[in-house]
Amino acid sequence: MLTVALPKGGLLSDSIRLLQSIGLDFSAFLDASNRQLEIWDTHQTAKALLVRNNDVPVYVEYGQAQLGIVGYDILREKQPRVAQLLDLHYGQCRLSVAVKASSPYRSAIELPPHSRVASKFVNCAHTYFQGLDLPVEIVPLYGSVELGPITGMSEAIVDLVASGRTLKENNLIEIDPIFESTARLIAHPLSYRLNQDGVQDRIEQIRQAIETARRV
Amino acid sequence: MVYQPPVGARDLFPLDVAQKRWIEDRLQQVFHGWGYHRIITSTLERLDTLMAGGAIDPTTVIQLQDREGEFLGLRPELTASIARAAVTRLAGAPYPQRLYYNANVFRRTARDTRQHEFYQAGVELLGAGSVAADAEMLLLVLDCLRNLNLNDSTVILGEAGLTRSLLSSFPEALRPAVRSAIAHLDRIQLEQLPLTDELRDRALLLLDLRGQPMDVLQRVSQLALATEQRATVNRLKSLMELLQQAIGSSPAQPNILLDLSLIQTFDYYTGIVFEAVSATGQQVLGQGGRYDQLLGLYHPKGESQPGIGFVMNIEGLHQVLLPTGCLPTQTPPSDWLVVPNSPESHGAAFTYAQKIRESDHRVRVEVELERSSPDEVRSYAQRRQIQQIVWIDPAGQPMIESID
């Protein structure tokens with residue numbers, strides 16, 4: 001049975017629309033009254049798991065789902081052992097360094113050594129500052145990272161920026177983008193090699209759906 | 001004070017051991033049947049021995065330091081140890097050497113709460129480099145899987161030498177990135193590398209060069225191949241034909257899938273590489289390959305010998321076999337409980353118990369040590385599923401009672 005892991009949150013509706021276009025209907029997840037975490041498509045040919053963004057690559061790495069849709073940011077942060085097959089081109093955002101608008105610093109390299117940087121993306125932030133050869137203390141947070149500079153706990157943050165509105169409303173400014181992210185189609189490597197449950201055909205259908213969508 | 005095992009360690013209780021032994025006994029039968037002999041090497045190795053082959057990431061080795069400051073590691077696999085031992089101590093022995101092992105290995109993982117100690121049973125065939133030696137190894141893998149009732153598993157077969165050679169047409173600066181992307185099935189990365197259209201198509205072709213062996217070989221043959229590459233393709237073809245002949249018409253067989261994207265990011269394997277995978281694709285049951293350069297690294301004069309081997313992962317096999325119901329669900333009960341009916345008859349009880357043991361080497365006999373009331377003894381026998389109680393009087397006279 002083909003199982004797809006889908007992320008809660010911003011990528012969900014686009015992902016469901018994409019799967020609908022290849023004949024897999026999981027739109028029940030969009031219903032506000034839905035409390036189910038696992039649903040079958042209307043033709044009973046595939047199953048979807050609704051999980052946290054961060055958990056999508058986990059289900060795929062362990063093979064409980066053959067396919068998954070997840071942001072590139074998560075893949076960079078967690079480095080899961082999954083096959084990365086397709087850029088789905090939605091869910092665009094970037095991981096950036098931001099500081100208080102009143103901060104004297106206008107680029108990451110200007111930050112004083114050993115300053116604190118708050119982030120949910122601990123590994124990405126660490127790698128980035130290591131690449132700059134700038135020693136900083138990364139403070140792991142699980143949400144509302146913007147509060148770091150506002151409360152004075154940290155000099156800067158490393159966080160995802162889409163429209164930039166949240167930063168602006170909190171008097172923060174983006175100073176350096178680290179990388180761009182979009183939604184990606186990932187697969188369990190062995191299921192991909194063994195072509196289990198017709199996974200290759202599904203991937204090909206998704207590839208065509210994406211290409212068609214991009215031509216219009 | 002509560003003493004706990006270290007994180008990632010686990011204890012195996014009698015039932016766990018009985019299940020592990022069930023698997024290991026079946027593998028050992030196959031190894032013996034093919035004329036392999038067991039080797040036991042040291043659990044501790046010098047770190048440089050473990051690292052010499054280039055396939056081990058030092059951060060995954062649990063390290064120790066001896067009194068002289070020498071760096072040691074708990075072995076993460078056995079091929080390095082066997083290669084070290086074989087080149088120095090088996091020199092002069094007639095080749096090929098057929099060796100097997102059944103041992104624990106240790107690995108540190110990035111997510112450090114995962115298991116640290118694992119059990120492996122594997123073989124090394126040293127000093128044989130022919131297609132027939134490759135075939136022996138694959139037939140041995142198939143035999144192991146069959147003997148464990150795992151006919152629904154798949155053996156994914158690659159050719160590290162051929163794939164590496166096909167990668168040599170990529171510009172040197174990009175080759176590691178192409179190789180890493182293919183090894184990790186990262187199609188997005190391949191599509192983003194600054195390659196010409198022709199090379200990109202070639203990379204994408206390599207990424208998906210898998211399927212029924214003869215179909216894949218057909219597809220590879222159509223590429224523009226150098227003489228050496230064509231020779232490797234022909235060798236693979238001979239291997240597949242040889243396997244076909246050897247397996248013949250025997251019905252139930254694990255499937256063989258040829259997958260030329262199956263490579264590592266390091267140059268350890270030189271010829272065929274393979275993984276045995278469970279039917280669900282969720283467990284790697286075993287893996288191996290040909291390493292013709294490895295033995296030379298351990299030889300004082302750098303003289304190499306061909307080598308090929310594989311290892312079966314006992315934990316992976318256990319997880320796949322447990323739900324099938326073929327593993328033992330309880331430890332074997334004792335056949336007899338010998339009970340002295342008074343403190344004076346203890347000596348006689350031990351003597352009688354020994355007499356039963358000597359009558360049949362497989363019989364299990366317990367002597368009751370401390371219980372005095374017959375009802376307690378009977379309830380113990382029932383709980384332990386012991387079917388026969390022998391009451392012994394001080395004169396050594398037995399009285400047999402059956403428990404149902």
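Once you have a ≥ b ≥ c as the square roots of the Cα gyration tensor eigenvalues for region A:93-179, tell me rounded if a/c is under 1.5, and otherwise prolate or oblate according to whether a/b is larger than b/c. Cα axes put region A:93-179 in the rounded bin.
Axis of helix A:199-215 versus longest Cα principal axis of chain A: the two differ by about 60°, to the nearest ten degrees. In terms of packing, defined here as the mean over residues of other Cβ atoms within 10 angstrom, the peptides B:258-266, B:16-24 line up highest first as B:258-266, B:16-24. Full extension of the chain between B:D267 and B:T109 gives 54.7 nm of extra length, using 0.36 nm per residue less the Cα-Cα distance. Remark: accessible area buried at the B-A interface is about 1800 Å², both chains counted, probe radius 1.4 Å. Helix B:79-89 and the longest principal axis of the Cα set of chain B meet at an angle near 90°. Building the convex hull from the alpha-carbon atoms of region B:336-402 and averaging its projection over directions returns 4.1 nm².
Distance between the modelled labels on B:Q293 and B:R38, one decimal in nanometres: 3.5 nm (7 Å Cα→Cβ projection). In region A:93-179, a dipole from Cβ-located charges (positive for Lys and Arg, negative for Asp and Glu) runs towards its positive end, and of A:F179, A:G143, A:S163 it is A:S163 whose Cα lies farthest in that direction.
Expressed in Å, the radius of gyration and Dmax of the Cα atoms of region B:142-227 are 15.5, 49. A probe of 1.4 angstrom, applied to the heavy atoms of all protein chains, finds A:Y192 with accessible area near 10 square angstrom. Note on the protein assembly as shown: the C-alpha convex hull projects to 40.6 nm² when averaged across all orientations. Per residue of B:178-191, other chain Cβ atoms within 10 Å of the residue Cβ number 4 on average. Per residue of peptide B:281-293, the mean number of Cβ atoms on other chains within 10 Å of the residue Cβ is 2.
Checking the Cα-Cα distances for A:K47/A:K120; A:K120/A:K168; A:K100/A:K120; A:K8/A:K47 against a 21 Å cut-off, the pairs over it are A:K47/A:K120.
Rounded, prolate or oblate, given the Cα gyration tensor of region B:14-324, with a/c below 1.5 counting as rounded? Because its axes are fairly even, with a/c under 1.5, region B:14-324 counts as rounded. With θ taken as phi - 60° and the Karplus curve 6.51 cos²θ - 1.76 cosθ + 1.60 applied, the whole-hertz 3J(HN,Hα) list for region B:384-399 is 8, 6, 8, 8, 10, 10, 10, 8, 10, 8, x, 7, x, 7, x, 10 Hz, x standing for glycine and proline. Here each label is just a point 7 Å from Cα along the line to Cβ, and for B:Q245 and B:D215 those points are 2.6 nm apart.
Using Cβ point charges alone (K and R +1, D and E -1), the dipole size of region A:116-216 about the Cα centre works out to roughly 380 debye. Ordering A:A108, A:T127, A:V97 by Cα displacement along the dipole of region A:93-179 toward the positive end leaves A:V97 in first place; charges were set at the Cβ atoms of Lys, Arg (+1) and Asp, Glu (-1).
The mean number of partner chain beta-carbon atoms within 10 angstrom of a residue's beta-carbon across peptide A:1-12 is 0. The protection proxy used here, the mean number of other Cβ atoms lying within 10 Å of each residue, ranks peptides A:80-92, B:61-73 as follows, highest first: A:80-92, B:61-73.
Sort B:R187, B:R114 from largest to smallest accessible area, using a 1.4 Å probe on the heavy atoms of the protein chains.
B:R114, B:R187
Take A:S102: with every protein chain present and a 1.4 Å probe, its accessible area is about 100 Å².
Specify the inter-centroid distance of region B:81-160 and region B:230-254, based on alpha-carbon positions, in whole Å. Taking the Cα centre of region B:230-254 as reference, the centre of region B:81-160 is 20 Å away.
Put simply, chain A fits an ellipsoid with semi-axes of 36, 17, 15 Å; these come from the alpha carbon gyration tensor as the roots of five times its eigenvalues, largest first.
The simple Förster model, with R0 at 41 Å and r as the Cβ-Cβ distance, assigns A:Q79 and B:Q330 a FRET efficiency of 0.45. If r is the Cβ-Cβ distance from A:S21 to B:Q192 and R0 is 30 Å, what FRET efficiency results, to the nearest 0.05? E(calc), rounded to 0.05, equals 0.80.
For a paramagnetic label modelled on A:D201 (point 7 Å from Cα along Cα→Cβ), amide N atoms under 17 Å away belong, within region A:22-55, to A:22-25, A:41-47. On the basis of the beta-carbon distance and an R0 of 60 Å, A:R215 and B:L90 show a calculated FRET efficiency of 0.40. Take the Cα of A:K168, step 7 Å along the line toward its Cβ, and report every residue of region A:77-105 whose backbone nitrogen sits under 19 Å from that point. Residues A:92-103 qualify, since their backbone N sits under 19 Å from the label point. Projecting the Cα atoms of B:I182, B:G35, B:I23 onto the charge dipole of the protein assembly as shown (Cβ charges, centred on the Cα centre) puts B:I182 farthest toward the positive pole. The magnitude of the dipole of the protein assembly as shown, with charges of +1 and -1 set on the Cβ of Lys/Arg and Asp/Glu and taken from the Cα centre, is near 660 debye.
Using a probe of 1.4 angstrom and keeping all protein chains present, the accessible surface of the protein assembly as shown works out to 50 square angstrom per residue. Label sites at B:S238 and B:R383, each approximated as a point 7 angstrom past Cα along Cα to Cβ, lie 6.6 nm apart. Of the three principal axes defined by the Cα atoms of region B:256-295, the extents in descending order read 35, 19, 18 Å. Potential lengthening of the chain between B:V7 and B:I400 amounts to 136.6 nm, from the contour at 0.36 nm per residue minus the alpha-carbon distance.
Protection proxy ranking, highest mean first, for peptides A:144-150, B:4-10, A:94-100: A:94-100, A:144-150, B:4-10, where packing is the per-residue count of other beta-carbon atoms within 10 Å, averaged. When only Cα pairs below 8 angstrom with a gap of at least 6 residues are kept, chain B shows a relative contact order of 17 percent.
DSSP bridge analysis restricted to the protein assembly as shown gives an antiparallel fraction near 70%, rounded to the nearest 5. Using only side-chain charges placed at the Cβ, +1 for Lys and Arg and -1 for Asp and Glu, the dipole size of chain B relative to its Cα centre rounds to 600 debye.
The values are calculated or read from the model by the stated rules, or taken from the named source; none is laboratory data. Quick caveat: nothing in here was measured; it's all calculated off a predicted structure. All Cβ positions, even for glycine, are placed from backbone atoms using ideal geometry, and neighbour counts span all protein chains on display. Just the protein is used for accessible areas: all its heavy atoms, side chains included, with ligands, DNA and RNA removed. Shrake-Rupley method; radii C 1.70, N 1.55, O 1.52, S 1.80 Å.
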